[in-house]
Amino acid sequence: MANEFDPDLPSNHLIFEVRRDSKQFTGFADQMEDLMERYGLSEEERAAWREVDVVTLGEMGVHPYFLPQVTRLVHGSAGNNSKSNAAQAYKKSFGDQIVEHKKI
């Protein structure tokens, strides 16, 4: 996945600001449609958010640091570990592109 960060992409602004507001962060899934409207996301961005399509968002220009934040916003960050819903959604987004690290 090639990622050319686009600082003007509305999704980058949404992620940056929502992560810093605990009320919006914890209630993101319930507010997602309203927030996407408020931040002026394109229909393509909105579709990617609805599908939690991290790869497409990265291709659109979401900053690489923010990509894991997408799944945390949608699925929550409780139990933030490799077995959490957010981590599993992130892994699923990349399919075979992510290699599991195993203890030797």
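Just a few scattered comments:
- Members of region 75-84 found to be in contact with a Ser or Thr (Cβ under 8 Å, 6 or more places away or on another chain) and modelled with pLDDT under 60, listed by number: Ala78, Ser84
- Scanning region 65-74 for residues that are in contact with a Ser or Thr (Cβ under 9 Å, 6 or more places away or on another chain) and either over 16 Å from Ala29 (Cβ atoms) or not in a helix (DSSP H, G or I) (or both) gives Phe66, Leu67.
- Scope region 19-55; condition under 13 Å from the mean Cα position of the chain (by Cα) and modelled with pLDDT under 95; matching residues: Arg19, Phe25, Phe28, Ala29, Glu51, Val52, Asp53, Val54, Val55
- Hey, Gly95 at pLDDT below 90 and either assigned to a helix (DSSP H, G or I) or closer than 19 Å to Pro7 by Cβ (or both) or not: yes
- Failed criterion for Tyr90 (all others in (1) crowded, with 18+ Cβ neighbours inside 10 Å; (2) modelled with pLDDT of 60 or more hold): (2)
- Applying the set (1) part of a helix (DSSP H, G or I); (2) in contact with a Leu (Cβ under 7 Å, 6 or more places away or on another chain) to Val62 leaves exactly one unmet item: (1).
- Residue within region 32-47 that is outside any loop (DSSP other than H, G, I, E, B), within 15 Å of Gln69 (Cα to Cα) and of a type in the set (Gly, Ala, Ser) present: no
The values are calculated or read from the model by the stated rules, or taken from the named source; none is laboratory data. What you are looking at is a predicted structure, and each value in this text was computed from that prediction instead of being measured. No Cβ is skipped: glycine too gets one built from the backbone with ideal geometry, and neighbour counts run over all protein chains shown.
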